[in-house]
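Written out below as C-alpha cells is the structure these notes cover.
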Amino acid sequence: MEPSRDDRRPESPETEAPPPRRASRLAVAAVAVFLAVLSVAGYKTWRDLVTVEARADELRGEIVQVQGEIDALEEERDRLLADPLTLERVAREELHMVHPDDVVVMLPPEVETP
C-alpha cells in the first residue's frame, strides 16, 4: 500500500535539487566558458599554422635559389673538366697555382703615398 500524499515527509533543503532556472544558467555559463576556451585554443592553433606555412614557403624559395646555385656550379665543373685550357687558367688566376718549371717573381706590396 502506498502512503498517501499527506503522509509523505517533506524533503529536507539539503537534498533538494537546485531550481531549474539556476541549473540551466549554470549549464549555459559552463558551455560559454568551454566555447571561449576552445575558440582561444583554435585561434592559437590557426595562427601557428599560418606561421608554419609562411616559413615553409620561405624555405621552398631558398631551396629553389640553392638548387639554381648548385646547377650553375655543376655546369662550371663540367666545363672545367671538358676544357683543360680553361681549367689551367682558373687554377692560375683563382688558386695562384704554377707549373713546376715556371719562374715566380715576387714583387713587394704596393705602398700608398698620401
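Filtering 30, 41 for residues that are modelled with pLDDT of 85 or more and surrounded by 10 or more Cβ atoms within 10 Å (Cβ to Cβ) leaves a single hit, 30.
If you go through the range 89-114 and keep only what is among the aliphatic types (A, V, I, L, M) and not in a loop (DSSP other than H, G, I, E, B), you end up with 90, 91, 95. The residues on offer are 66, 90, 104, and the sole one that is of a type outside the set (Gly, Ala, Ser) and more than 44 Å from the chain's Cα centre (by Cα) is 104.
The values are calculated or read from the model by the stated rules, or taken from the named source; none is laboratory data. No experiment lies behind these values; they were computed from the predicted model shown. We place every Cβ from the backbone using ideal geometry, glycine too, and count neighbours over all the protein chains shown.
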